[in-house]
Amino acid sequence: MTALAWLRSWLTTVDHKRIAVMYFVAAFLFLLIAGFEGQMLRLQLAAPGRDFLDPDLYNQLFTMHGTTMVFFAGMGLVAAFLNFVVPLQIGARDVAFPRLNALSFWVFLFGGLFLYASVPFRTMPDGGWFAYMPLTNPEYSPSLGMDFYLLALLIAGVGSIAGGVNFLVTILNLRAPGMTFMRMPLFAWMALIVAALILLAFPPFTVGLIFMLFDRRFGTHFFDAAAGADPVLWQHLFWVFGHPEVYILILPAFGVVSDVIPSFSRKGLFGYPIVVFSGILIAFLGFGVWVHHMFSVGLGPVVNAVFGGTTMLIAIPTGIKIFNWIATMWGGQLRFRTAMLFAIGLVGTFTIGGLSGVMHSSPPADLQQTDTYFVVAHFHYVLVGGTVFGLFSGFYYWFPKATGRLLHEGLGKAHFWLTFVALNVTFFPMHFSGLLGMPRRTYTYAEGLGLDTFNLISTIGAFIFTLAFVPLIWNLWRTWRRGEAAGHNPWDASTLEWTTPSPPPHYNFAVIPSVDRRDPLWHPYVEPELREEGDEPGGVFPRRQPDEPPEPVHMPEPSYWPLVLATGMLLMTIGGLGSLGLTLFGLLVTAVGLFGWAFEPPFGREAS
C-alpha cells in the first residue's frame, strides 16, 4: 500500500476499531500536553514567591490544563474504549451508525485543535475550565481566549452527543442473539449508562455555552447582573452538566474494572445485578447533587441541606461497587498482571477520593474547603485514581486484542508502580496544604504559612508522573518491534471479544455468536438438540470464530463525507471569531457534506 493510499484509508475509515485507535492516539497526545501544562503549574508552586510564570500565563495554563484533561484527554480516552470494546463485547459487526461515528471523531479532534490554535496567537482562555461568570465577560476577559474556549467546546460537544446517540442505539439494537440485558458484560452496561448521561447532561451545558457566546459576541445579557440577569445561572447550567460529567468519565473505568477483576480472579463478578443497578442509581442520583459545587454561593440552608443529603446518598451505590470488587477477589485465583494491578489500584485510590468527597457533603465543611487544595486533592484522586487507573487497566487488558501482541509485563508493572507512587506523592499532601489554607487558582503564596514543604513534595510527585510514562512508551516501542504474539484469548477471559482473532478482522465476527448465559466462555456450549433433560445450557456458539465467513459480509464503505462535514463545521467555528464570510463558507461546505452523505450508498464492500 502506498503512503497516499494508507493515509486515505485512515481519513475515510468508518471501522469502529480504527476510529478507536484514532481517538486513543489523539487523546493520549492531549493527555501528554495537559500533563506538561500541569508540570509548569507545579514548577511555579514548588516554592513561595516564585516568578517562573506570571499571573496571566498561570491562569491560561491552569485553564488549558483542566479543559484539556476533562474534555479532550478524558472524553477522548473514554470514546476510544467505547468504540473498540462495545461492538466486540455485544457481538456486533460495527456500531449502529458508522459514518456518524467517524464524524464524532473528526469534530472531537477539530475541537481540540481549535482550542490549541489559541496558543500561537497568545490568547489562551484564562477563566478556568469552569468559566465562571462574570469573570469571563468581555469586561474582565477582553481577549479572544474565552471565545476559543466556547467555540471549541461547542464543536466538540456535537461529537459527544452524536457518540451518545450512536452507542445508545448500538447497545439497545445490535446485541448478539440471546444476550439479554442481564447477560451483558459490565463494560457494555456502563457504556449504555454513559451514553444516556451524555444525552441528558450535554444539552444544558451547550445552552450555557451558546448564551455565554451571545453575551460576549452580540451584547446579550443572559448572565449580566446589571441587566437584571443572574450570573449564578451559568453555574447551574455548568454543574448540572459538570457533575454527571464526572460519572461519564468514571463509569467506563468502573466497567473496565468489573471485567478485569473477574478475569484475573477466575471468578464471576460477585453480585452482578447489584453492580448493574448501582451504576444506574449513580447515574440517576448524579443529576441531583450538582449544587454541592455551589455551597459557597449562598443559595440558602434548605437548598444546601437537600443537596448535602443527596451527596451523602450517592456514596452508597459507589461504595457498593467497591465491596463487590473486593468480594470478587476474595477467595479467587488471583493473577497479578499489570491490568489487574491498575484495577486494584483504582479500588484503593478511588476510595480515598470518595471518602474526601463525602466530607464535602456537609455544607459548613465544604464552605471551608471548597476553594482550597483539599478539593484539588479530592478530584484528582477521583479522576486520576479512578478514571486514569481504570483506563490504563483496560489498556493493558485489551491491547493484545487490538494489536495481536502482548505488552511486556515487567515494563507494565514499572509503569503501574511509578504511577501509583506519583499519584500519592503529588496529591495526598494537598489534603494538608488545603486544610492549612492553601487557596486554589492562585499563582503564588507567601512564606511562613507552613505550605512550603507540602508544595515541594507535590511538585516532586508531579515529576514522577513524567518518569512513569517512560516505561509505558518504551513498552509500546518494544512491543511494536518484537512483542509476543497474543493469540485469541491470552487471559482466559469470559466475554465475546475473546472469541475473535487478535486483532479482529474488519467485520469482527465471521459468524454472529449466540449466547445463553453470562460469562459464556467459561461454560461449555451444548447444541440444543443434544441437551438432555436437566442439562444447564451454557456458553457461546461458536466458541471460536472461523477464519473465514461462510457467506459474504457486507460492511459500510469508507467515506470522505464525515470529514467534509466536520471540516465545514470547523470553518464555521473559526468564522465565529469574527468572520461572517468564513462562517458562510463553512455553512456551504457543511451543506455539501450533508447532501453528499445523504446520497452516498452505505454498503458495497464484501468481506473476503
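The values are calculated or read from the model by the stated rules, or taken from the named source; none is laboratory data. No experiment lies behind these values; they were computed from the predicted model shown. Because the Cβ atoms are built from the backbone with ideal geometry, glycine has one as well, and the counts that use them run over all protein chains shown.
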Check THR349, THR328 and return the single one that is touching a Gly at 6+ places or on another chain (Cβ under 6 Å), assigned to a helix (DSSP H, G or I), of a type in the set (Val, Ile, Thr) and modelled with pLDDT of 95 or more.
THR349
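Would you check if THR170 is modelled with pLDDT of 95 or more, under 26 Å from ALA343 (Cβ atoms) and of a type in the set (S, T, N, Q)? Talk me through it step by step, then tell me what you get.
On the way: modelled with pLDDT of 95 or more: yes; under 26 Å from ALA343 (Cβ atoms): yes; of a type in the set (S, T, N, Q): yes.
In short, yes.
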For PHE114, are the conditions met, namely being under 30 Å from MET430 (Cα atoms) and crowded, with 20+ Cβ neighbours inside 10 Å?
no
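To keep it simple, each residue is scored yes or no on (1) more than 15 Å from MET75 (Cβ to Cβ); (2) part of a helix (DSSP H, G or I); (3) touching a His at 6+ places or on another chain (Cβ under 6 Å).
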position	(1), (2), (3)
ALA102	yes, yes, no
TRP106	no, yes, no
PHE110	no, yes, no
GLY128	yes, no, no
MET133	yes, no, no
GLU139	yes, no, no
Qualifying residues in segment 353-363 (those that are touching a residue at least 40 places away in the same chain (Cβ under 8 Å) and surrounded by fewer than 20 Cβ atoms within 10 Å (Cβ to Cβ)) - the one farthest from VAL256 (Cα to Cα)
SER362
Scanning segment 276-289 residue by residue, those part of a helix (DSSP H, G or I), closer than 14 Å to ALA315 by Cα and either touching a Phe, Trp or Tyr at 6+ places or on another chain (Cβ under 8 Å) or among the charged types (D, E, K, R) (or both) turn out to be GLY279, ILE282, ALA283, GLY286
Within segment 442-465, is even one residue in contact (Cβ under 8 Å) with a residue 60 or more places away in the chain, within 21 Å of the chain's Cα centre (by Cα) and surrounded by 15 or more Cβ atoms within 10 Å (Cβ to Cβ)?
yes
Result of the Cβ filter at 6 Å on segment 131-145, keeping first residues that are closer than 17 Å to ALA227 by Cα and partners that are surrounded by 16 or more Cβ atoms within 10 Å (Cβ to Cβ) and hydrophobic (A, V, I, L, M, F, W, C), at least 6 apart or interchain, is MET133/PHE223; MET133/TRP234; THR136/MET146
Count - residues of segment 381-406 that are buried (at least 22 other Cβ atoms within 10 Å of the Cβ) and farther than 18 Å from PHE84 by Cα:
4
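Go through segment 410-441 and report how many residues are farther than 20 Å from VAL388 by Cβ, touching a residue at least 24 places away in the same chain (Cβ under 8 Å) and in a helix (DSSP H, G or I).
At the first step, the residues of segment 410-441 found to be farther than 20 Å from VAL388 by Cβ are 410, 432-441.
Going one step further and asking which of them are touching a residue at least 24 places away in the same chain (Cβ under 8 Å), we end up with 433-435, 437-441.
In the following step, the residues that additionally are in a helix (DSSP H, G or I) were identified as 433-435.
Qualifying residue count for the region: 3.
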Could you tell me whether any residue of segment 486-497 is surrounded by fewer than 20 Cβ atoms within 10 Å (Cβ to Cβ) and either under 21 Å from TYR381 (Cβ atoms) or of a type in the set (D, E, K, R) (or both)?
yes
Those residues of segment 196-221 which are under 24 Å from ALA96 (Cβ atoms) and without any contact (Cβ under 8 Å) to a residue 60 or more places away in the chain amount to ILE198, LEU199, PHE202, PRO203, THR206
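Quick one: how many residues across segment 557-575 are of a type in the set (Asp, Glu) and either crowded, with 22+ Cβ neighbours inside 10 Å or under 13 Å from PHE105 (Cα atoms) (or both)? Give the steps one after another, and end with the answer.
Step one: filter segment 557-575 for residues of a type in the set (Asp, Glu), giving 557.
Subsequent filtering for residues that are either crowded, with 22+ Cβ neighbours inside 10 Å or under 13 Å from PHE105 (Cα atoms) (or both) retains none.
Residues in segment 557-575 being of a type in the set (Asp, Glu) and either crowded, with 22+ Cβ neighbours inside 10 Å or under 13 Å from PHE105 (Cα atoms) (or both): 0 in total.
In segment 364-380, which residue that is part of a helix (DSSP H, G or I) and of a type outside the set (A, V, I, L, M, F, W, C) is surrounded by the most Cβ atoms within 10 Å (Cβ to Cβ)?
Of all residues in segment 364-380, those part of a helix (DSSP H, G or I) come to 364-369, 373-380.
Still in the running and of a type outside the set (A, V, I, L, M, F, W, C): 364, 366, 368-369, 373, 378, 380.
Working: PRO364: 10, ASP366: 21, GLN368: 14, GLN369: 22, TYR373: 28, HIS378: 24, HIS380: 22.
Once the filter is applied, the top-ranked residue is TYR373.
Please find, among TYR443, TYR396, the residue that is hydroxyl-bearing (Ser, Thr, Tyr) and closer than 24 Å to PHE130 by Cβ. Please lay out each step first, then the result.
Numbers: TYR396 fails: closer than 24 Å to PHE130 by Cβ.
Checking each option against the conditions leaves just TYR443.
Only one of LEU88, LEU61, LEU41, LEU53 is touching a residue at least 24 places away in the same chain (Cβ under 8 Å), surrounded by fewer than 22 Cβ atoms within 10 Å (Cβ to Cβ) and outside any loop (DSSP other than H, G, I, E, B); which?
Details: LEU88 fails: surrounded by fewer than 22 Cβ atoms within 10 Å (Cβ to Cβ); LEU61 fails: surrounded by fewer than 22 Cβ atoms within 10 Å (Cβ to Cβ); LEU53 fails: outside any loop (DSSP other than H, G, I, E, B).
Matching residue, one of LEU88, LEU61, LEU41, LEU53: LEU41.
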Which residues, taken from segment 443-463, are in a loop (DSSP other than H, G, I, E, B) and among the acidic types (Asp, Glu)?
GLU447
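In segment 318-336, is there at least one residue being under 14 Å from VAL382 (Cα atoms), β-branched (Val, Ile, Thr) and within 24 Å of the chain's Cα centre (by Cα)?
Going through segment 318-336, the residues under 14 Å from VAL382 (Cα atoms) turn out to be 318-319, 322.
Checking which are β-branched (Val, Ile, Thr) leaves us with 318, 322.
Of the ones still in play, those that are also within 24 Å of the chain's Cα centre (by Cα) are 318, 322.
For segment 318-336, residues under 14 Å from VAL382 (Cα atoms), β-branched (Val, Ile, Thr) and within 24 Å of the chain's Cα centre (by Cα): present.
So that you can scan it fast, the table gives a plain yes or no per residue for (1) under 18 Å from VAL275 (Cα atoms); (2) surrounded by fewer than 16 Cβ atoms within 10 Å (Cβ to Cβ); (3) in contact (Cβ under 8 Å) with a residue 60 or more places away in the chain; (4) not hydrophobic (A, V, I, L, M, F, W, C):
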site: VAL291; (1), (2), (3), (4): no, no, no, no
site: GLY298; (1), (2), (3), (4): no, yes, no, yes
site: VAL303; (1), (2), (3), (4): no, yes, no, no
site: LYS321; (1), (2), (3), (4): yes, no, yes, yes
site: TRP325; (1), (2), (3), (4): yes, no, yes, no
site: LEU341; (1), (2), (3), (4): no, no, yes, no
site: VAL347; (1), (2), (3), (4): yes, no, yes, no
Looking at VAL78, VAL95, VAL14, which is the one that is in a helix (DSSP H, G or I) and of a type in the set (Val, Ile, Thr)?
VAL78
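Every residue, every condition in (1) touching a helix residue (DSSP H, G or I) at 6+ places or on another chain (Cβ under 7 Å); (2) closer than 24 Å to THR180 by Cβ; (3) among the charged types (D, E, K, R), yes or no:
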position: PRO55; (1), (2), (3): no, no, no
position: ASN59; (1), (2), (3): no, no, no
position: PHE62; (1), (2), (3): yes, no, no
position: THR68; (1), (2), (3): yes, no, no
position: PHE72; (1), (2), (3): yes, no, no
position: MET75; (1), (2), (3): yes, no, no
position: ALA79; (1), (2), (3): yes, no, no
position: VAL85; (1), (2), (3): yes, yes, no
position: GLY91; (1), (2), (3): yes, yes, no
